[in-house]
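The values are calculated or read from the model by the stated rules, or taken from the named source; none is laboratory data. Quick caveat: nothing in here was measured; it's all calculated off a predicted structure. So basically every Cβ, Gly included, is an ideal-geometry build from the backbone, and we count neighbours across all protein chains shown. What goes into the accessible areas is simple: the full protein's heavy atoms, side chains included, and nothing from ligands, DNA or RNA. Shrake-Rupley method; radii C 1.70, N 1.55, O 1.52, S 1.80 Å.
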Amino acid sequence: MLSDLKTKGLYIRERWAGFPQNKEKEKSFYTPFADTANAIVRSIPGNDTVKTNMLYLDIHDITPTSQNPQTPIGRPDGAAATVNTKVMAVNEEIKKQERIIQGTGVTVAAKEKAKLELSKQNSEMETLMKGYKPSWMGIHVPYEIKPKKSHKDWHGAVDQAMTYIGHVFMEQLDRRFAFALVLCRDELTILMCDRSGLMVTKTPINIHKEPEMFIRVMAAFSCMSAAQLGWDTDMKIYLPKSSPDPVPSYQVDPDDIEGKELHWVIDVVVNGQVEPYVTVGVISTMRSVEICSRATIVYEVIKYNERSAPTETFALKRYWLPLVAGDQAELYPWEGEIYESLHNGRPTEEKHVLASHKIEIGGELDTTFTLIRRGLDGTRLMKGDVAVKGSKIK
């Protein structure tokens, strides 16, 4: 990929093109970072390699749209985000024309035609991007940029990035964990935040001196599955006017949900069978923005298969369970086990909880230390041990 990017003139004389070399202001970093990141993603080989479509956007002067009136006003310097269908179509056309130009066995005439088409599509993209507002619902990876790389600047950038992750958790009720990036002049730090706290890369990546590593990071987010990016694949959005079937929120056109009340379809295991429920209201999301917490959310739901003529409503509670290790697990059972013990032998109508279960993602128990961090250990920057996600419905 680096050779391809060099051919395109994006990496010249051991530096990424367009990035300031002197002590320019912060705004001079915004456009080259987004443009370089998008060029990297478009250079990913193979048609099936990209698993999550996203575009890197310079939004330093644009506040993303919000579905939640309680979301504080804030804007990252940029973000990798889901964009509307028209923008993505132009981006795909740009990718197509770039591949023709760089391809082998292509006639000179075909390449010249592709160059003209590429210029046209780049102009179209520039027009579409003027004032374009992404949705907080569709932001995969926010990032913060500082023109200096002092210890103070780095800490300030991380603090700002954490506020954006808080926005992500508040807006994206289907987000289990989130990534963010911090660029301090030419040093890139990766942040990963889950309900057990924040982890950051110990040593920053110098994007100019380590171009292959920079490419690997920026391409990785697009090559990761939705679950690997932190999305809860057991939850989908129900938009009856746009799609007859529920759709993952990260695949929804942002224009289709702006200003609309969202209904989530959530899979629940009842008597060993997966049964979908659809939300008709939110009872509580007060804890969703808290990082080191159970992040409890309570919905009012009905059975999805009875949505046309519901006969009853239920309360569905989703939360992360505190980590209990060794002998302590028997002393402190989780809520589902407590209710199962209380309900033992009782008829269904006398039960307080109809079903409860621990959530699995891709067949694995959803835990911060095992599934999310994959055993990666580090210095804890925030207090709290929260590890297993659970769901119950009553």
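Remarks
- Region 115-159 and region 207-254 have Cα centres spaced 17 Å apart.
- Cross-link reach is defined here as a Cα-Cα straight distance under 14 Å, omitting same-chain residues fewer than 8 places apart; for K148 the aspartates and glutamates meeting it are E24, E26, D186, E187.
- Across K86/K113; K8/K51; K25/K96, pairs whose alpha-carbon gap is larger than 26 Å: K25/K96
- Protein accessible area in region 151-248, 1.4 Å probe - carbon and sulfur %: 57
- Rounded, prolate or oblate (a/c below 1.5 giving rounded, otherwise prolate when a/b exceeds b/c) for region 100-140 by Cα gyration tensor: oblate
- Carbon + sulfur, % of accessible area of region 14-108 - ligands and nucleic acids excluded, 1.4 Å: 49
- Calculated [222 nm] ellipticity per residue, helices only, for the chain: -9000 deg cm²/dmol; basis is -39500 (n - 2.57) per DSSP H run with n ≥ 4, divided by all residues, nearest 500.
- Values of log10 I(q)/I(0), in the order q = 0.16, 0.20 Å⁻¹, for region 1-141 under a Debye, Cα-only, solvent-free model: -0.96, -1.35
- Listed by chain and number, the aspartates and glutamates placed with their C-alpha closer than 18 angstrom to that of K260 are E171, D174, D245, E300; residues fewer than eight positions away on the same chain are left out.
- In nm, spacing of pseudo-spin labels at T85 and V270 (7 Å Cα→C-beta vector): 3.3
- Probe 1.4 Å - accessible area at K51, Å² to nearest ten: 130
- Förster radius 56 Å - calculated FRET efficiency between S3 and V280 (Cβ-Cβ, nearest 0.05): 0.55
- Computed on the chain, with alpha-carbon pairs under 8 angstrom and 6+ residues apart, the relative contact order is 14 percent.
- Signed unit charges on C-beta, dipole axis of the chain, positive-most listed residue P276, A17, T127: A17
- Per residue, in Å², the accessible surface of the chain once ligands and nucleic acids are set aside, probe 1.4 Å: 50
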